[in-house]
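Student: Below are the structure tokens for one structure; questions will follow.
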Amino acid sequence: MYDLIIIGGGVIGCSVAREISHYQVKTLVIEKESDLACGTSKSNSAIIHAGYDPDPGTLKARLNVEGNSMYSQICNELDIPFRRIGSLVVAFHDEDIPTLEKLHHQGMENGVAGMKIINQNELRNLEPHIAKEALMALYAQSAGIICPFTLTIAMAENAAQNGVDFSLDTEVTAIDVCPDGHFSILTNRGRFESKYVVNAAGVFGETMNNMAGGEPFSIRPRKGEYCILDKAQGYLANTTIFTVPTKMGKGILVSPTVDGNLLIGPTAADIDDKEDTATTAEGLQQVIDGARRLVPGIQASKIITSFAGLRAIPDGDDFIIRSSKKIKGFVNAVGIESPGLTSAPAIAKMVRQILMDKGLLCEVKSQFTPHRKPVVRFRELSAAEQRNLIKKNPSYGKVICRCETITEGEIIDAIHRPLGARNLDGLKRRVRTGAGRCQGSFCTPRVAEILARELQIPIEQVTKSGKASYILAGKAKEQQMAKRGN
Ligand SMILES: Cc1cc2nc3c(=O)[nH]c(=O)nc-3n(C[C@H](O)[C@H](O)[C@H](O)COP(=O)(O)OP(=O)(O)OC[C@H]3O[C@@H](n4cnc5c(N)ncnc54)[C@H](O)[C@@H]3O)c2cc1C
């Protein structure tokens, strides 16, 4: 019997898991996909928002500002890249100026420090490649950028180091409340029993709540499409650049990524299918046109990949973070649309407090460590450090992904760390193999060989993203011989 089961291994589930791992609470995270961060937490704008956007008095406003302030320390503890590059909301017409002023006042009410309205000259100094028509902007110094899946995986890894169990490839199909009040959770891998449950299932949060019999609410998916541009375009933005927001969201932005690429997007389209993360020709054209209105120098020919993510839009206009009145011990942390990534560590603290208020005994764990084992990033080392490392471990001398300069040593480490990579996408999310200009055209066969060797599986069983996503159908020569009847 677990004390707590968390459903969902996105940034919310993993943040709650890390927060709870400070305490002697027997905890399990259940995730239906083969890895963490496979839902919305891998497909977003990757911005740690300053907090001027949400309406004052909402959970979004409070948790955004609190979460933002926690990131410098968290990223230091987890050894993940985070850059406070600041953000701009740019006015193009006189009619946009009242919106900038409204956002400025809203930000002050929400407790955002370091904001100011800047004129055209100041804007051009910050962003030399901004469109000529840009008039002025709201600058927010505390906004930052992060890699959302590195963050989610690092949170999970640290939670696992501190004793939290994870069950991947495990889909919750029913939640039964037993006569003594404990939960019996049915999955494709059998039943798990727990005294408390946190629902962090993202766009599927409504389904989990209905399974448990909680008070009804609805969550609708809103798709956002993006393009990532080659690092050669990274010089085009120094900060995250937004247009003025609309009722559908913050609009199309242009932003550097922590890895030096340029990110453009997202669109905002209400859809019905909670699994539909396909990009569309129209959506991507909208992204390119919108981004070029902000920064005309963006070249569509430098796009290296595209993706889409689904916002979990709740009934009301705020996060749903509360315990069920009907089902004792069932806590929802859902409807976590933007700024959910920013708010995640503050949401985790709030969820922990709700659980404690509902009677979960949280005794501090004396052996808790907030630090995860450091990650070697070979390309960031000095030549002398690289030489020393190769002397100690020659696998760091073999570059496998040439676009991103990823060595065999880094790949092996990513496979053998706690909750290590099990497939090509898992490695891409952890060490960026295949995330560069050629998108894996050169390194995929070598990465697959390393995965097969390290996981001790036949190469035909290596997958792109778990389940049946095999990358090889079999050995060509054997198949030909079989056809010939040899
Ligand atoms: C287009 C877009 C842009 C955004 N930009 C930003 C931004 O710049 N900054 C910001 O702060 N926020 C941003 N957000 C919001 C942020 O991405 C989300 O708030 C956050 O990722 C939500 O995390 P989550 O853990 O709730 O959901 P998810 O990451 O979706 O995690 C839920 C998990 O539950 C699992 N699950 C579902 N059903 C089951 C089941 N039956 N059994 C087991 N597991 C299950 C899923 O597989 C999934 O892994 C953006 C969102 C979108 C879509």
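The values are calculated or read from the model by the stated rules, or taken from the named source; none is laboratory data. Being a predicted model, the structure only gives us computed values, none of them experimental. Methodologically, a virtual Cβ is constructed for each residue, glycine included, from the backbone with ideal geometry; neighbour enumeration extends over all protein chains shown. Ligands, DNA and RNA are excluded from the accessible area calculation, which covers all protein heavy atoms including side chains. Shrake-Rupley method; radii C 1.70, N 1.55, O 1.52, S 1.80 Å.
Student: Taking the residues in the range 9-26 that are buried (at least 24 other Cβ atoms within 10 Å of the Cβ) and not hydrophobic (A, V, I, L, M, F, W, C) as candidates, determine which candidate is farthest from the ligand (Cβ to nearest atom). Spell out the reasoning first.
Tutor: The initial filter retains those residues of the range 9-26 that are buried (at least 24 other Cβ atoms within 10 Å of the Cβ), namely 9-18, 20.
After this cut, where a residue has to be not hydrophobic (A, V, I, L, M, F, W, C) as well, the list is 9-10, 13, 15, 18.
On the way: Gly9: 5, Gly10: 2, Gly13: 5, Ser15: 8, Arg18: 13 Å.
Top of the filtered list is Arg18.
Student: Let me ask something additional. So which of Gly265, Gly249 is at pLDDT below 95, within 13 Å of the ligand (Cβ to nearest atom) and under 24 Å from Leu103 (Cα atoms)?
Tutor: Details: Gly265 fails: at pLDDT below 95.
From the options Gly265, Gly249, the qualifying one is Gly249.
Student: Right, here's the next one. May I ask you to say which residue of Ile85, Ile47, Ile30 is out of contact with any helix residue (DSSP H, G or I) (no Cβ under 8 Å at 6 or more places or on another chain), open to solvent by less than 10 Å² (accessible area, probe 1.4 Å) and of a type in the set (Val, Ile, Thr)?
Tutor: Working: Ile85 fails: open to solvent by less than 10 Å² (accessible area, probe 1.4 Å); Ile47 fails: out of contact with any helix residue (DSSP H, G or I) (no Cβ under 8 Å at 6 or more places or on another chain).
Unique residue meeting the criteria: Ile30.
Student: Considering the range 62-75 alone, what residues qualify as being within 13 Å of the ligand (Cβ to nearest atom) and not acidic (Asp, Glu)? Write out each step before concluding.
Tutor: Residues of the range 62-75 that are within 13 Å of the ligand (Cβ to nearest atom), as a first pass: 63-68, 70-71.
Those that are within 13 Å of the ligand (Cβ to nearest atom) and not acidic (Asp, Glu): Leu63, Asn64, Val65, Gly67, Asn68, Met70, Tyr71.
Student: Then there's this: Among the numbered conditions (1) in a helix (DSSP H, G or I); (2) open to solvent by less than 10 Å² (accessible area, probe 1.4 Å), tell me where Gln285 comes up short.
Tutor: That leaves (2) as the condition not met.
Student: Right, another one. So how many residues does the range 185-205 have that are more than 10 Å from the ligand (Cβ to nearest atom) and among the hydrophobic types (A, V, I, L, M, F, W, C)? Before you say what the answer is, go through the steps one by one.
Tutor: Here is the first cut: in the range 185-205, the ones more than 10 Å from the ligand (Cβ to nearest atom) are 186, 189-198.
After this cut, where a residue has to be among the hydrophobic types (A, V, I, L, M, F, W, C) as well, the list is 186, 192, 197-198.
Matching residues across the range 185-205 total 4.
Student: To continue, here is another question. Within the range 304-320, can one find any residue that is open to solvent by less than 50 Å² (accessible area, probe 1.4 Å), away from the ligand (no atom under 16 Å from the Cβ) and closer than 27 Å to Ile48 by Cβ?
Tutor: Yes, the range 304-320 has at least one match.
Student: Could I ask something else about it? Regarding Leu262, is this residue in contact with a His (Cβ under 8 Å, 6 or more places away or on another chain) and buried (at least 23 other Cβ atoms within 10 Å of the Cβ)? Write out each step before concluding.
Tutor: Values: in contact with a His (Cβ under 8 Å, 6 or more places away or on another chain): no; buried (at least 23 other Cβ atoms within 10 Å of the Cβ): yes.
Here the answer is no, as Leu262 does not meet what is asked.
Student: Something else now. Search the range 334-363 for residues being within 15 Å of the ligand (Cβ to nearest atom) and small (Gly, Ala, Ser), and hand back the single one that is most open to solvent (accessible area, probe 1.4 Å).
Tutor: First, pick out the residues of the range 334-363 that are within 15 Å of the ligand (Cβ to nearest atom): 334-348, 350-351.
From what is left, the residues that are small (Gly, Ala, Ser) are 335, 338, 340, 343-344, 346, 348.
Working: Gly335: 1, Ser338: 52, Gly340: 5, Ser343: 0, Ala344: 1, Ala346: 1, Ala348: 3 Å².
Filtering the range 334-363 for residues that are within 15 Å of the ligand (Cβ to nearest atom) and small (Gly, Ala, Ser), the one most open to solvent (accessible area, probe 1.4 Å) comes out as Ser338.
Student: Out of all the residues in the range 84-107, which are under 20 Å from Pro128 (Cα atoms) and charged (D, E, K, R)? So that I can check it myself, show each step before the final result.
Tutor: Within the range 84-107, the first condition is being under 20 Å from Pro128 (Cα atoms), and the residues that meet it are 84-93.
Within the range 84-107, just Arg84 meets the criteria.
Student: For the range 435-462, how many residues are open to solvent by 10 Å² or more (accessible area, probe 1.4 Å), touching a strand residue (DSSP E or B) at 6+ places or on another chain (Cβ under 7 Å) and outside any helix (DSSP H, G or I)?
Tutor: Residues flagged as open to solvent by 10 Å² or more (accessible area, probe 1.4 Å), touching a strand residue (DSSP E or B) at 6+ places or on another chain (Cβ under 7 Å) and outside any helix (DSSP H, G or I) within the range 435-462 amount to 2.
Student: Looking at Ser366, Ser382, Ser343 in this structure, which one is hydroxyl-bearing (Ser, Thr, Tyr), more than 30 Å from Asp53 (Cβ to Cβ) and not assigned by TED's automatic domain parsing to the domain that holds Ala448?
Tutor: Numbers: Ser382 fails: not assigned by TED's automatic domain parsing to the domain that holds Ala448; Ser343 fails: more than 30 Å from Asp53 (Cβ to Cβ).
Testing whether each residue is hydroxyl-bearing (Ser, Thr, Tyr), more than 30 Å from Asp53 (Cβ to Cβ) and not assigned by TED's automatic domain parsing to the domain that holds Ala448 leaves just Ser366.
Student: Also, I was wondering about something else. Give the residues of the range 344-366 that are farther than 16 Å from Ala17 by Cβ and in contact (Cβ under 8 Å) with a residue 40 or more places away in the chain, sorted by residue number.
Tutor: Lys358, Leu361, Glu363, Val364
Student: So Ala131 ticks every box in (1) more than 16 Å from the chain's Cα centre (by Cα); (2) aliphatic (A, V, I, L, M); (3) buried (at least 21 other Cβ atoms within 10 Å of the Cβ); (4) more than 13 Å from the ligand (Cβ to nearest atom) but one. Which box is left unticked?
Tutor: If we test Ala131 against (1) more than 16 Å from the chain's Cα centre (by Cα); (2) aliphatic (A, V, I, L, M); (3) buried (at least 21 other Cβ atoms within 10 Å of the Cβ); (4) more than 13 Å from the ligand (Cβ to nearest atom), just (3) comes out false.
Student: If you don't mind, there's one more thing I want to ask. Residues Leu419, Leu389: which one is outside any loop (DSSP other than H, G, I, E, B) and in contact (Cβ under 8 Å) with a residue 12 or more places away in the chain?
Tutor: Details: Leu419 fails: outside any loop (DSSP other than H, G, I, E, B).
On inspection, the qualifying residue turns out to be Leu389.
Student: Just wondering, is there one or more residues in the range 76-97 that are in a loop (DSSP other than H, G, I, E, B), within 14 Å of the ligand (Cβ to nearest atom), in contact with a His (Cβ under 9 Å, 6 or more places away or on another chain) and not aliphatic (A, V, I, L, M)?
Tutor: For the range 76-97, residues in a loop (DSSP other than H, G, I, E, B), within 14 Å of the ligand (Cβ to nearest atom), in contact with a His (Cβ under 9 Å, 6 or more places away or on another chain) and not aliphatic (A, V, I, L, M): absent.
Student: Which of the residues spanning the range 206-241 are closer than 19 Å to Phe319 by Cβ and either among the charged types (D, E, K, R) or away from the ligand (no atom under 11 Å from the Cβ) (or both)? Don't jump to the end; show me each part of the working.
Tutor: Residues of the range 206-241 that are closer than 19 Å to Phe319 by Cβ, as a first pass: 206-210, 212, 214-222, 224.
Selection gives Glu206, Asn209, Asn210, Ala212, Gly214, Glu215, Pro216, Phe217, Ser218, Arg220, Arg222.
Student: If I ask for residues that are surrounded by fewer than 16 Cβ atoms within 10 Å (Cβ to Cβ), touching a residue at least 24 places away in the same chain (Cβ under 8 Å) and of a type in the set (D, E, K, R), which ones from the range 463-486 would you list?
Tutor: Across the range 463-486, the qualifying residue is only Lys467.
Student: Need the failing condition index for Gly340 against (1) touching a residue at least 12 places away in the same chain (Cβ under 8 Å); (2) out of contact with any strand residue (DSSP E or B) (no Cβ under 7 Å at 6 or more places or on another chain); (3) over 25 Å from Leu419 (Cβ atoms); (4) small (Gly, Ala, Ser), just the number.
Tutor: (3)
So that you can scan it fast, the table gives a plain yes or no per residue for (1) out of contact with any helix residue (DSSP H, G or I) (no Cβ under 7 Å at 6 or more places or on another chain); (2) in contact (Cβ under 8 Å) with a residue 60 or more places away in the chain:
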| site | (1), (2) |
| --- | --- |
| Gln106 | yes, no |
| Ala159 | no, yes |
| Phe166 | no, yes |
| Leu186 | yes, no |
| Phe192 | yes, yes |
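Student: List the residue pairs whose Cβ atoms are under 8 Å apart, where the first residue sits in the range 228-250 and is farther than 13 Å from Lys302 by Cβ and in contact (Cβ under 8 Å) with a residue 40 or more places away in the chain, the second is open to solvent by 40 Å² or more (accessible area, probe 1.4 Å) and charged (D, E, K, R), and the two are 6 or more positions apart or on different chains.
Tutor: From residues that are farther than 13 Å from Lys302 by Cβ and in contact (Cβ under 8 Å) with a residue 40 or more places away in the chain, the pairs are Phe242/Lys250; Thr243/Arg293; Pro245/Asp53; Gly249/Arg311; Lys250/Asp53.
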